Amino acid sequence: MTNYKLQIVFLLACALCACQQKSKVLFGHQDDVVYGSNWQRLADSAYFDTRSCIHDLTGQYPDLIGFDIGGIELCHTRNLDSVPFSRMLEECQRQFERGGKVTLSWHARNPLTGGNSWDTTPCLAQIIDPDTDVHDTMQVWIERAAAFIAQISALQKHPNQLIIRLWHEQSGNWFWWGRDAGSAKDYIALWRWTRNYMNILDIHALYAYSPDRLTLYEDTPEGAYRETLEWYPGDEYVDIIGTDCYHFGGAEGTNDYLARAHRQLDAAARLAAERHKKLAFTETGNEALRCPHWYTQVLLPLCREYPLMYVHVWRNAWDIPQHFFIPNPQHPEAQDFIQFLHEL
Ligand code: BMA
C-alpha cells in the first residue's frame with residue numbers, strides 16, 4: 001500500500017473511532033410502559049408481555065422511563081395518574097433487567113393544606129421550621145417516599161440506573177415548592193433534607209436538579225445563570241443539572257420555544273460544566289405534536305447543540321385525547337419520531 005493510501009486508511013479509522021466515542025443521548029418517556037394514547041394496562045400486576053409506546057413504534061423499549069410517585073406520601077396504592085405503585089416496582093425491575101434507566105419525580109401534596117402540588121399556598125417556611133406540624137408531616141412524607149424509592153433502588157442491576165429528580169420546576173410559580181411559595185434558602189433546605197434522608201436508606205441514585213423557565217432576573221445569559229445558581233442545592237447533593245421547557249402551540253411557537261430552551265439550557269450547561277455534572281433536558285415536548293416534524297426539525301437540532309446525557313418527554317395520557325407527546329404508530333408524525341430516535 002502506498003503512503004497516501006495508508007494515510008487515508010488511518011484517517012478513516014480515526015473518523016470511525018470518533019463516531020463510536022460520541023456518546024448517545026438517551027431518550028426517555030413518562031409512563032411509557034403502563035399506558036399510551038388509546039390503551040392502558042393499569043392492573044396492579046404486569047401482564048406477561050409489557051406493552052410500551054416506544055416499543056410499539058420501534059420494537060425496542062426506551063432507554064429511560066419516567067415514573068411519578070405522587071400519592072406515596074398518603075400511602076395511596078396508585079399514583080396521581082392511577083399507576084399502581086406495585087406495578088411501578090415491577091416495571092422498574094424489568095427496565096433495569098433490560099439495562100435501561102428510570103427517572104422518578106414526585107408531585108407531592110401540599111403538606112399544609114392537603115391540596116395537590118399545584119396548590120401554591122405558601123408552606124416552605126413552615127416545612128423547614130422544626131417546631132411546626134407541617135414539618136412533622138413532611139418528615140413522615142419523606143420517610144414514605146424514601147422507603148418506596150429504596151425498594152426501587154435495590155432492584156438496580158448496574159450502577160446509575162436510577163435518577164431521582166427532586167422538587168422539579170421550582171423556578172415556575174405553579175407548585176407549592178416553586179419560586180413564589182418561599183425563599184431559595186428554604187427550597188435548598190428542603191432539597192437537602194430529602195436527599196439526606198434518601199442517603200440514610202442507602203438509596204443509590206443520580207440526583208437531578210431541574211428548573212423550568214427563568215424569569216427572576218434580567219433577560220441575559222447572566223440573569224438566567226444567576227437564577228439557576230441561586231436555587232442550586234449544592235455540589236454534594238446534585239449529579240445532573242437539567243431544565244424543563246415545553247413548546248406551546250404549533251410552528252408559530254417555535255421561536256419562543258427555542259429562545260426559552262436556549263436560555264435555560266445555556267445556563268444549565270454552564271453550571272454543569274463548571275461543577276463537573278452531567279447535563280440533561282429533563283422534560284420537554286410539544287403537546288399533541290401541533291408543530292409538524294417537531295422531533296427532527298426542532299428538537300433534534302436543539303439537542304445536538306448540547307452534551308446531553310438524556311432528553312425526556314412527558315406522558316401519553318390514555319384518557320385525555322390531546323395530552324400526548326410522542327406519536328402512536330398510526331399518527332402522521334410517527335415516521336418523523338422514529339427518524340429522530342435514529343439520529344439522536
Ligand atoms: C402533568 C399532566 C397531568 C399529570 C401530572 C403528573 O404535566 O400530565 O395530567 O397529572 O403531570 O404526572
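The values are calculated or read from the model by the stated rules, or taken from the named source; none is laboratory data. Quick caveat: nothing in here was measured; it's all calculated off a predicted structure. Here the Cβ positions follow ideal geometry from the backbone for every residue, glycine too, while neighbour counts run over all protein chains shown. These accessible areas exclude ligands, DNA and RNA; they are computed on the full protein's heavy atoms, side chains included. Shrake-Rupley method; radii C 1.70, N 1.55, O 1.52, S 1.80 Å.
Please verify whether Q126 is assigned to a loop (DSSP other than H, G, I, E, B) and surrounded by 13 or more Cβ atoms within 10 Å (Cβ to Cβ), treating the condition exactly as stated. Even if it seems obvious, please write down each step before you answer.
Working: assigned to a loop (DSSP other than H, G, I, E, B): no; surrounded by 13 or more Cβ atoms within 10 Å (Cβ to Cβ): yes.
Judged against the criteria, Q126 is not a match.
Taking the condition of being open to solvent by less than 70 Å² (accessible area, probe 1.4 Å), over 20 Å from D119 (Cβ atoms) and within 19 Å of the chain's Cα centre (by Cα), how many residues in the range 192-219 meet it?
Matching residues across the range 192-219 total 11.
Only one of G223, G242, G234 is in a helix (DSSP H, G or I) and open to solvent by less than 50 Å² (accessible area, probe 1.4 Å); which?
Of the residues listed, the single one that is in a helix (DSSP H, G or I) and open to solvent by less than 50 Å² (accessible area, probe 1.4 Å) is G223.
Counting only residues that are modelled with pLDDT of 95 or more and hydroxyl-bearing (S, T, Y), which one in the range 47-81 is nearest to F96 (Cα to Cα)?
Y61
Being within 16 Å of the ligand (Cβ to nearest atom) and within 20 Å of the chain's Cα centre (by Cα): is that true of D68 here?
Here the answer is yes, as D68 does meet what is asked.
Looking at (1) part of a loop (DSSP other than H, G, I, E, B); (2) more than 16 Å from the ligand (Cβ to nearest atom); (3) out of contact with any helix residue (DSSP H, G or I) (no Cβ under 8 Å at 6 or more places or on another chain), which one does Q335 not meet, given that it meets all the others?
(1)
Looking at F248, F281, which one is under 17 Å from E169 (Cα atoms), surrounded by fewer than 20 Cβ atoms within 10 Å (Cβ to Cβ), among the hydrophobic types (A, V, I, L, M, F, W, C) and out of contact with any Lys or Arg (no Cβ under 8 Å at 6 or more places or on another chain)?
Every option except F248 fails the conditions.
Yes or no, residue by residue, for (1) open to solvent by 10 Å² or more (accessible area, probe 1.4 Å); (2) within 14 Å of the ligand (Cβ to nearest atom); (3) not basic (K, R):
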position	(1), (2), (3)
E274	yes, no, yes
K277	yes, no, no
T296	yes, no, yes
C303	no, no, yes
V311	no, no, yes
A317	no, yes, yes
Q322	yes, yes, yes
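Taking the range 53-82 as the search range and keeping residues that are in contact (Cβ under 8 Å) with a residue 60 or more places away in the chain, out of contact with any Lys or Arg (no Cβ under 7 Å at 6 or more places or on another chain) and part of a helix (DSSP H, G or I), which one is surrounded by the most Cβ atoms within 10 Å (Cβ to Cβ)?
That would be C53.
Which one of these is of a type in the set (A, V, I, L, M), farther than 22 Å from G28 by Cα and assigned to a loop (DSSP other than H, G, I, E, B): L190, L229, L216?
L216
Checking the structure you have, find out if any residue of the range 88-98 is open to solvent by less than 10 Å² (accessible area, probe 1.4 Å), part of a helix (DSSP H, G or I) and within 15 Å of the ligand (Cβ to nearest atom).
Yes, the range 88-98 contains at least one residue that is open to solvent by less than 10 Å² (accessible area, probe 1.4 Å), part of a helix (DSSP H, G or I) and within 15 Å of the ligand (Cβ to nearest atom).
A288 is checked against (1) more than 16 Å from the ligand (Cβ to nearest atom); (2) assigned to a helix (DSSP H, G or I) and fails just one. What number does that condition carry?
(1)
Would you check if V298 is touching a Ser or Thr at 6+ places or on another chain (Cβ under 7 Å), among the hydrophobic types (A, V, I, L, M, F, W, C) and part of a strand (DSSP E or B)?
no
List the number of the failed condition for W231; all other conditions in (1) touching a residue at least 60 places away in the same chain (Cβ under 8 Å); (2) within 16 Å of the chain's Cα centre (by Cα) hold.
(2)
Can you pull out the residues in the range 37-52 that are more than 16 Å from the ligand (Cβ to nearest atom) and assigned to a loop (DSSP other than H, G, I, E, B)?
N38, R41, A43, D44, S45, A46, Y47, F48, D49, T50, R51, S52
Would you mind telling me which numbered condition in (1) in contact (Cβ under 8 Å) with a residue 40 or more places away in the chain; (2) polar (S, T, N, Q); (3) open to solvent by 10 Å² or more (accessible area, probe 1.4 Å) N110 fails?
(3)
Against the condition within 23 Å of the chain's Cα centre (by Cα) and within 16 Å of the ligand (Cβ to nearest atom), how does D81 come out, does it pass?
So D81 passes the test.
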